[in-house]
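Notes for the one structure printed next.
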Amino acid sequence: MELEELKQIVLDQKEDKENIFKSERIIEREGKDVKRFIAHPNILAVLGVRRSGKSIFSYSLLRENKFGYINFDDERLADFETRDFNRLLQSFYELYGSDLEYIVLDEIQNVPRWELFLTRLRETKKVIITGSNSKLLFGELATHLTGRHIDFTLFPFSFREYLKYKGLEVARDALTTKERARLFNELNDYLIFGGFPERFKFGNSILRIIYSDIITKDIILRHRVKMVEEIKKIAKYLVSNFSHEFSYSSLKNISKVEHLYTISKWLSYFEEAFLFFKLERFTFRLKQQILAPKKIYCIDDGIVSTVGFKTTEALGRLMENAVFIELLRRKAYYFEDQEIYYWKDHQQNEVDFVIKEGHNIKQLIQVTYASDENDVKKREIRTLLKASKELKCNNLLIITWDYEDKIRVDNKVVKLTPLWKWLLFRDS
């Protein structure tokens with residue numbers, strides 16, 4: 001590419017970003033204090049699903065500094081090649097000065113052999129890269145950098161961020177009738193349409209476009225999938241059967257795919273693109289865990305509601321999906337050592353989430369659409385108690401729609417917490 005053409009794209013993109021900060025509501029995102037990771041020549045990789053806010057997040061980290069920024073998810077850069085990186089660096093120097101310290105390379109996975117340029121660049125620069133693929137740092141880059149990078153996964157808005165964007169502060173207790181009504185209206189909206197930031201700008205219809213872009217750009221084109229209709233069919237099945245068990249064989253049976261290896265490979269593509277997540281069944285025997293069915297969850301309830309088939313049990317399952325994604329978010333932002341599973345015995349008793357830390361089971365969680373004591377099923381409590389005995393864990397939680405209590409059974413305490421409170425306050 002020509003130098004002047006690159007300079008024009010860099011300036012246009014900067015102007016577009018600055019206009020967003022001037023004209024739109026931008027909130028501070030949750031998570032680690034990631035800016036400290038670029039205090040020395042280093043690479044910070046901000047990963048996450050497409051349209052989760054990575055560009056704005058990365059750009060905002062350096063707004064008080066002089067930095068070069070380019071987003072490769074731009075049709076004008078479709079012909080950008082490895083040899084153009086030097087011209088890009090020259091364009092930054094000519095625009096911002098040769099003493100430039102910081103550089104942001106947005107959606108860098110779109111350029112072949114980008115890792116070679118980055119390996120050279122990080123010797124003298126403080127670099128932020130973003131990408132919509134969890135495997136971005138594997139392969140050559142990981143080999144060359146030998147640990148000289150930090151990765152951070154950014155999720156769509158949490159319910160806390162959602163309310164912050166809406167300008168709504170919620171007290172832990174003593175809500176007025178009007179405050180409760182507003183809170184539950186917002187919670188219902190969050191559960192149905194999710195937390196992708198762009199839906200607040202373009203409306204809920206953008207969710208279908210986001211889903212299509214993930215499937216097409218981040219999966220089919222990136223991995224050169226030939227059986228396009230079949231992989232789309234598998235994706236549609238998974239998004240419609242979120243929070244349910246599945247097996248590779250069951251997915252093979254609904255498609256024209258001949259080999260289980262292909263199904264397994266496609267599932268890894270979905271996970272790499274942060275679209276779906278598999279949840280393993282907990283067992284003390286590794287072989288049983290490998291062979292057992294998995295559960296599937298989707299990155300955002302809004303995609304589920306927009307793309308998946310509607311069911312009468314949707315709200316309870318949307319609650320469960322939201323809880324799982326929040327558990328992943330907390331693991332990424334705060335509790336890196338935690339592992340998440342589900343539990344099921346041969347009698348089909350099931351606990352939605354098993355939280356493991358080290359060698360110990362830290363918490364057992366059930367999710368139910370319950371608004372009062374009568375809605376809390378005895379079977380759910382009985383299952384929790386059974387799992388508690390087998391897994392040696394007494395921290396038992398049921399997340400409800402709007403019921404709070406503590407129930408003592410067999411010398412154990414089962415805590416019931418409303419979903420809104422659990423989502424807003426991590427100690428609930």
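Annotations for the structure displayed:
- Residue match in the range 340-362 (condition: among the aliphatic types (A, V, I, L, M), farther than 30 Å from Arg51 by Cα and either crowded, with 20+ Cβ neighbours inside 10 Å or assigned by TED's automatic domain parsing to the domain that holds Tyr162 (or both)): yes
- The one condition from (1) at pLDDT below 85; (2) within 24 Å of the chain's Cα centre (by Cα) that Ala174 does not meet is (2).
Results for (1) over 23 Å from the mean Cα position of the chain (by Cα); (2) surrounded by 19 or more Cβ atoms within 10 Å (Cβ to Cβ); (3) modelled with pLDDT of 90 or more; (4) of a type outside the set (Phe, Trp, Tyr), shown as yes or no for each residue.
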position: Phe85; (1), (2), (3), (4): yes, yes, yes, no
position: Tyr96; (1), (2), (3), (4): yes, no, yes, no
position: Tyr102; (1), (2), (3), (4): yes, no, yes, no
position: Thr130; (1), (2), (3), (4): no, yes, yes, yes
position: Ser134; (1), (2), (3), (4): no, no, no, yes
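Here's the yes/no breakdown for (1) outside the structural domain of Phe21 (by TED's automatic domain parsing); (2) free of Cβ contacts under 8 Å to residues at least 12 places away in the same chain; (3) within 28 Å of Ile56 (Cα to Cα); (4) not aliphatic (A, V, I, L, M):
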{"site": "Arg180", "(1), (2), (3), (4)": "yes, yes, no, yes"}
{"site": "Glu186", "(1), (2), (3), (4)": "yes, no, yes, yes"}
{"site": "Asp189", "(1), (2), (3), (4)": "yes, yes, yes, yes"}
{"site": "Gly194", "(1), (2), (3), (4)": "yes, no, yes, yes"}
{"site": "Arg199", "(1), (2), (3), (4)": "yes, no, yes, yes"}
{"site": "Ile209", "(1), (2), (3), (4)": "yes, yes, yes, no"}
{"site": "Leu221", "(1), (2), (3), (4)": "yes, yes, yes, no"}
{"site": "Lys233", "(1), (2), (3), (4)": "yes, no, no, yes"}
{"site": "Val239", "(1), (2), (3), (4)": "yes, no, yes, no"}
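- Number of residues in the range 71-104 that are outside any helix (DSSP H, G or I) and over 20 Å from Asp213 (Cα atoms) equals 10.
- Of all residues making up the range 247-275, the number that are surrounded by fewer than 19 Cβ atoms within 10 Å (Cβ to Cβ) and among the aromatic types (Phe, Trp, Tyr): 2
- Number of residues in the range 336-360 that are touching a residue at least 60 places away in the same chain (Cβ under 8 Å) and over 17 Å from Arg379 (Cα atoms): the value is 4.
- Tally, over the range 32-56, of residues that are assigned to a loop (DSSP other than H, G, I, E, B) and either touching a Gly at 6+ places or on another chain (Cβ under 9 Å) or surrounded by fewer than 16 Cβ atoms within 10 Å (Cβ to Cβ) (or both): 7
The values are calculated or read from the model by the stated rules, or taken from the named source; none is laboratory data. It should be emphasised that the depicted structure is a prediction, and the values quoted were computed from it without experimental measurement. Cβ sites come from the backbone with ideal geometry, for glycine too, and all protein chains shown count toward neighbours.
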